[in-house]
Amino acid sequence: MPIHPLTLLFAAALLAALAIKFWLATRQLRHVVAHRNAVPAAFAQRVSLDAHRKAADYTVAKGRFGMLVNAFAAAIVLCWTLLGGLDALNVAVRDAVEPRFGALAYQLALLVAFAFVSGVLDLPFEWWSTFRIEQRFGFNRMSFGLWLADIGKSTLVGALIGLPLAALVLWIMSVAGSSWWLWAWCAWALFNLLILVIYPTVIAPLFNKFEPLADEALKSRVQALMQRCGFAAKGLFVMDGSRRSAHGNAYFTGLGAAKRVVFFDTLLSRLTPAEVEAVLAHELGHFKHRHVLKRIVAMFALSLAGLALLGWLASRSWFYNSLGVQPNLAAPNDALALLLFAQVLPVFGFFVAPIGSVLSRRHEFEADAYACAQASGADLASALIKLHEDNAATLTPDPVYVRFYYSHPPAGERLAALKRAPA
């Protein structure tokens, strides 16, 4: 029996993606190790050699672990698809559930079973990352009990939110005919907008404590910055990020009137008020240039295109057969199509991922320029150096690796651009 072209194309894409990932990771590791014993000249006055070496060692440890994760992930995709794992799971769940509880229950059970198996397979890698790599470099502050509690909460929240959405999408697929993908996209888009609204006040507090910013001087400074930038937020909050990690950050969350400004407590303990203001001005730059809106629109457009493609593929038996799955004859294939598509799409999407990285880095430069206009570029540069040091981010990444993966420009490029930016 001849091999279907999609089988060959998928297998070739999977192997090519894995080879490129290994090639890029090897370049990164060699480049970082080669520059481990010398702090770049631009940082020589601010970053110690010990901190630079720690960042190099941290990058190497994560890089080596990442190569293992990538190899395992590729093997799992191969097992789910061409080696028949998804087909076997589908048969087992279908025969156990569909005759007794009906088609919708069977399809939801298939989604749950797949998510459960995938989650169990990921757990050892998450544990190693947290309690070995992060612990070794002094970043992890989670106990094993808190780690398990987070997994339990995430699973519960995912079930409470994901199962009703999945049931709605499967129902739409069963009743809306050939245009189901358009209606499913509308439901998915509305769901994501709803999550953006309720996440700050309903979901995020399940995992972290959020307290109003108590530092009145910093609060006044931040409010003055937001006022002159024309930005309104529902509140300024401090999150107990130190409960889980020593990494620091600041971000905006929410949509419309529900927007919040959130500072990690680790960030406030490390930066001066002027540096905090500069970091916040950078984040405001993203909103001023409508980067968040552009990313949401892009995400919605790509999801619409993806669902349209799935709508065409789901009705073709060769889509299933060529990827190691036998479509159901007496039961619906909607959940099966969703799962199979979710395995295949990232393999091909990997090759266009650098486009998103390029656009993201461009947005970061624009936000930096805006921060220089609204606050101090020197304070932003100082804050970036501290954050790179605190997060053990390497100052000497491989240029090719950067172009492919980095969503933020490397520190050297950002500091050079800040120096050129008008005050």
Self-check item: Cβ-Cβ under 9 Å pairs, at least 6 apart or on other chains, segment 5-21 side among the β-branched types (Val, Ile, Thr), far side part of a helix (DSSP H, G or I) and surrounded by fewer than 13 Cβ atoms within 10 Å (Cβ to Cβ)
Solution: ILE20/PHE351
Quiz prompt | Residues of segment 172-216 classified as more than 23 Å from the chain's Cα centre (by Cα), surrounded by fewer than 17 Cβ atoms within 10 Å (Cβ to Cβ) and more than 30 Å from VAL238 (Cα to Cα), total | solution = 7
Practice problem: Scan segment 289-304 and give yes if some residue there is over 22 Å from the mean Cα position of the chain (by Cα) and either outside any helix (DSSP H, G or I) or buried (at least 16 other Cβ atoms within 10 Å of the Cβ) (or both), otherwise no. | Solution: no
Quiz item: Yes or no: VAL69 in a helix (DSSP H, G or I) and either crowded, with 18+ Cβ neighbours inside 10 Å or of a type outside the set (A, V, I, L, M) (or both)?
Solution: no
Exercise. Please find, among ARG414, ARG420, the residue that is exposed (fewer than 15 other Cβ atoms within 10 Å of the Cβ) and not hydrophobic (A, V, I, L, M, F, W, C).
Key: ARG420
Quiz item: So THR253 fits all but one of (1) of a type outside the set (D, E, K, R); (2) modelled with pLDDT under 85; (3) within 21 Å of ALA392 (Cβ to Cβ); what number is the exception?
Solution: (3)
Exercise. Among residues belonging to segment 230-249 that are modelled with pLDDT of 85 or more and surrounded by 18 or more Cβ atoms within 10 Å (Cβ to Cβ), point out the one that is nearest to the chain's Cα centre (by Cα).
Key: MET239
Quiz item: What single numbered condition from (1) in contact with a Leu (Cβ under 6 Å, 6 or more places away or on another chain); (2) touching a residue at least 60 places away in the same chain (Cβ under 8 Å) fails to hold for PHE341?
Solution: (2)
Quiz prompt | Within segment 377-409, considering residues that are part of a loop (DSSP other than H, G, I, E, B) and buried (at least 20 other Cβ atoms within 10 Å of the Cβ), the one modelled with the lowest pLDDT | solution = ALA392
Practice problem: Kindly list the number of the only condition in (1) of a type in the set (A, V, I, L, M); (2) farther than 26 Å from GLY102 by Cβ; (3) modelled with pLDDT of 95 or more that fails for VAL325. | Solution: (2)
Quiz prompt | Candidate set from segment 310-322 (those that are assigned to a helix (DSSP H, G or I) and in contact (Cβ under 8 Å) with a residue 12 or more places away in the chain); member that is surrounded by the fewest Cβ atoms within 10 Å (Cβ to Cβ) | solution = TRP318
Quiz item: When you look at LEU160, is it at pLDDT 95 or above and outside any loop (DSSP other than H, G, I, E, B), yes or no?
Solution: no
Exercise. Please enumerate the residues belonging to segment 323-338 that are crowded, with 18+ Cβ neighbours inside 10 Å and free of Cβ contacts under 8 Å to residues at least 60 places away in the same chain.
Key: PRO327, ASN333, ALA337
Quiz item: If PHE252 satisfies every condition in (1) touching a helix residue (DSSP H, G or I) at 6+ places or on another chain (Cβ under 7 Å); (2) more than 26 Å from LEU194 (Cβ to Cβ); (3) not in a loop (DSSP other than H, G, I, E, B) but one, which is the exception?
Solution: (2)
Quiz prompt | Which listed residue, of VAL262, VAL358, is within 24 Å of PRO205 (Cα to Cα) and either outside any loop (DSSP other than H, G, I, E, B) or in contact with a His (Cβ under 9 Å, 6 or more places away or on another chain) (or both) | solution = VAL262
Self-check item: Out of ASP95, ASP50, sole residue that is assigned to a helix (DSSP H, G or I), free of Cβ contacts under 8 Å to residues at least 60 places away in the same chain and under 25 Å from ALA416 (Cα atoms)
Solution: ASP50
Quiz prompt | Unmet requirement for ALA331, which otherwise passes all of (1) at pLDDT 95 or above; (2) out of contact with any Gly (no Cβ under 9 Å at 6 or more places or on another chain) | solution = (1)
Quiz item: Is it true that VAL157 is touching a Leu at 6+ places or on another chain (Cβ under 9 Å), within 30 Å of ASN391 (Cα to Cα) and among the β-branched types (Val, Ile, Thr)?
Solution: yes
Quiz item: Within the bounds of segment 47-65, is there any residue that is over 29 Å from ALA392 (Cβ atoms), surrounded by fewer than 17 Cβ atoms within 10 Å (Cβ to Cβ) and of a type outside the set (S, T, N, Q)?
Solution: no
Self-check item: segment 21-47, subset among the aliphatic types (A, V, I, L, M) and not in a helix (DSSP H, G or I), residue farthest from SER118 (Cα to Cα)
Solution: ALA44
Self-check item: Filter result (part of a helix (DSSP H, G or I), surrounded by fewer than 19 Cβ atoms within 10 Å (Cβ to Cβ) and more than 23 Å from the chain's Cα centre (by Cα)) within segment 1-14
Solution: PRO5, LEU6, THR7, LEU8, LEU9, ALA11, ALA12
Quiz item: So LEU89 clears everything in (1) more than 18 Å from SER322 (Cα to Cα); (2) surrounded by 17 or more Cβ atoms within 10 Å (Cβ to Cβ); (3) free of Cβ contacts under 8 Å to residues at least 40 places away in the same chain except one condition, right? Which one?
Solution: (1)
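The values are calculated or read from the model by the stated rules, or taken from the named source; none is laboratory data. Just so we're clear, the structure is a prediction, and the values are computed from it rather than from any experiment. We place every Cβ from the backbone using ideal geometry, glycine too, and count neighbours over all the protein chains shown.
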